[in-house]
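Visitor: Please find one structure pasted underneath; my questions will follow.
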Amino acid sequence: MHPPRFASWPASSSDAVHTSRPIHQFLPSLAPRDAIGSHTLAIQGALRNAGITSEIFAGEIHRDLRTAARSYKEWKSGSDAILMYHAAIGCSLGDWIAQREETLVLDYHNITPGKYFETWAPETGLLLAQGRSQLARLAPAAALGIADSQFNATELVDLGCSRTAIVPIFIDPSQWGSVDGAARDHLRSTKRGTDWLFVGRVAANKAHHDLLCCFAMYCQVFDPHARLWLVGGVSSGEYWHALHRLADRLGISESVMFAGSVTQGELGAYFDVADVFVCVSDHEGFCVPLVEAMWWDLPVVAFGSTAIPDTVRDAGVVLRDKQPAVVAAAVDRVLTDAALRDELIAAGRRRVQDFAPARTAKKLLSVLATVE
């Protein structure tokens with residue numbers, strides 16, 4: 001039984017504070033099934049619904065979204081325009097934005113520190129370091145910094161951004177309800193114990209290696225028939241291979257599934273069948289899958305790093321320590337204490353409503369109307 005769907009977005013023009021200035025968005029890459037890309041498209045919808053002229057310009061545009069955006073090289077200067085830049089990774093667009101004279105608004109989703117990629121994908125680490133360097137140049141020049149978490153807002157302030165506002169990332173749960181029936185039936189038919197789920201790209205900052213150790217401890221102490229599903233594309237092949245070797249050494253390779261990228265229906269099947277969502281990531285700017293787990297009435301156990309406590313709040317068990325014994329015991333408590341589990345599910349339903357798109361749109365429009 002899931003909570004009601006969010007109200008449709010965006011806020012009506014009568015609810016919003018207006019600005020007559022065009023607001024155009026710029027981002028390094030626009031791609032489907034990407035949190036920042038979806039957020040950018042939702043912002044455009046909210047702006048246009050409020051009568052504000054808004055186009056999207058990107059460094060790279062996926063072929064499926066060619067009609068949704070244009071290359072930033074096609075930008076025609078407009079002195080009254082507000083340029084909203086989604087800081088994400090180092091690219092030529094970041095340097096180009098830094099040279100513009102138009103009013104700048106930064107929408108900061110966080111840039112993962114390059115240190116997490118030094119061993120596994122050094123080329124990605126260099127791009128992330130470049131992105132952080134560009135952010136340090138842009139933050140003091142921005143008329144406003146928008147962040148989707150307090151953690152991200154603090155980073156902007158520390159970099160010299162004089163005005164910041166916290167506006168949630170646009171989350172559209174209208175796609176979350178789909179379930180691939182065949183995939184769900186298969187997962188259920190092979191179930192013998194507790195099913196753990198984590199959703200996130202396979203990258204070292206997500207700490208899949210620590211999650212494997214926590215899961216191995218849980219299997220040893222609590223449930224030898226448990227399974228762990230790791231859903232998400234691979235950002236580093238070397239790290240992916242290392243995780244497989246670690247699973248072998250821990251003796252859990254038969255119980256761990258590296259699902260990779262999946263369809264929306266397959267993802268729904270994993271959420272529908274799983275018993276608990278476990279996240280021990282070291283660095284998150286927000287972590288949308290935590291909210292997705294709440295929507296699916298899936299209890300959350302998470303290590304309280306970076307933005308995770310702000311995202312979860314009281315809708316999950318947030319740990320100060322992610323030692324395997326601590327995480328394993330927390331998962332067991334959530335699954336065996338019915339009152340606690342019910343409390344977390346109820347809190348998750350309430351927390352999900354904080355991200356209603358109509359509410360996010362209204363807040364965003366109000367914040368942007370203050371830009372001079």
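Every number in this text was worked out from the coordinates using simple rules, so none of it is lab data. This is a predicted model, so every value here is computed, not measured. Note that we place each Cβ from the backbone using ideal geometry, even for glycine, and neighbour counts take in every protein chain shown.
Visitor: Give the Cα extents of the range 175-353 along the principal axes, in whole Å, largest first.
Guide: Here the Cα extents, ordered largest to smallest, are 40, 38, 31 Å.
Visitor: Treating cross-link reach as a plain straight distance, find the aspartates and glutamates whose alpha-carbon is under 20 Å from the alpha-carbon of LYS362, omitting any fewer than eight places away in the same chain.
Guide: ASP15, GLU55, ASP107, ASP148, ASP172, ASP354, GLU372
Visitor: Cα extents of the range 56-155 along the three principal axes, largest first, in whole Å?
Guide: 43, 33, 23
Visitor: Scan the chain and hand back the longest stretch that contains none of the trypsin sites (Lys or Arg not before Pro) lying in DSSP loops with at most 10 other Cβ atoms within 10 Å. Before the final figure, lay out the partial values.
Guide: Numbers: sites that count: ARG66, LYS76, ARG320.
The longest such stretch corresponds to 77-319.
Visitor: May I pose another question? Only Cα pairs within less than 10 Å get springs; with that Gaussian network setup on the chain, which residue of TYR85, TYR108, TYR116 has the largest fluctuation?
Guide: Evaluated over the chain, the most mobile residue of the options is TYR116.
Visitor: Turning to a different aspect of this structure: If you line up the long axis of helix 122-138 against the longest principal axis of the chain, both from Cα atoms, how many degrees apart are they, to the nearest 10?
Guide: Computed tilt is about 40 degrees.
Visitor: List the lysines whose Cα lies under 25 Å from the Cα of LYS322, skipping any in the same chain that are fewer than 8 positions away.
Guide: LYS115, LYS206
Visitor: Compute the long axis of helix 264-273 from its Cα atoms, compare it with the longest principal axis of the Cα atoms of the chain, and write down the angle in degrees, 0 to 90, nearest 10.
Guide: 40 degrees
Visitor: Right, something else. For the chain, what is the convex hull volume of its Cα atoms per residue in Å³? Mind dumping the intermediate values first?
Guide: Values: hull volume 49.0 nm³, N = 372.
Per residue, the Cα convex hull of the chain comes to 132 Å³.
Visitor: Sticking with this one: Which semi-axis lengths, in whole Å and largest first, follow from the square roots of five times the eigenvalues of the Cα gyration tensor of the range 311-372?
Guide: Numbers: eigenvalues 245, 47, 6 Å².
The answer is 35, 15, 6 Å, longest axis first.
Visitor: Here is a further query. What residue among SER189, SER71, SER92 has the largest mean-square fluctuation in a Gaussian network model of the chain, using Cα springs under 10 Å?
Guide: The residue that fluctuates most here is SER189.
Visitor: Can you tell me how the range 241-313 classifies by the Cα gyration tensor, rounded, prolate or oblate, using a/c under 1.5 as the rounded cut?
Guide: On the way: a/c = 2.00, a/b = 1.28, b/c = 1.56.
Oblate shape, in that a/c is at least 1.5 and b/c is the bigger or equal ratio.
Visitor: Calculate, in whole percent, how much of the Cα-Cα pair population of the range 144-183 lies beyond 16 Å. Intermediate results must be reported in sequence, preceding the final value.
Guide: Numbers: 395 of 780 pairs.
Pairs farther apart than 16 Å: 51 percent.
Visitor: Working from Cα positions, state the angle (0 to 90°, nearest 10) between the long axis of helix 237-250 and the longest principal axis of the chain.
Guide: 20 degrees
Visitor: Using the 2.2 N^0.38 Å rule of thumb for compact globular proteins, work out how the range 110-240 stacks up: its C-alpha Rg over that value, please.
Guide: On the way: Rg = 19.6 Å, N = 131, 2.2 N^0.38 = 14.0 Å.
Working it through for the range 110-240, the quotient is 1.40.
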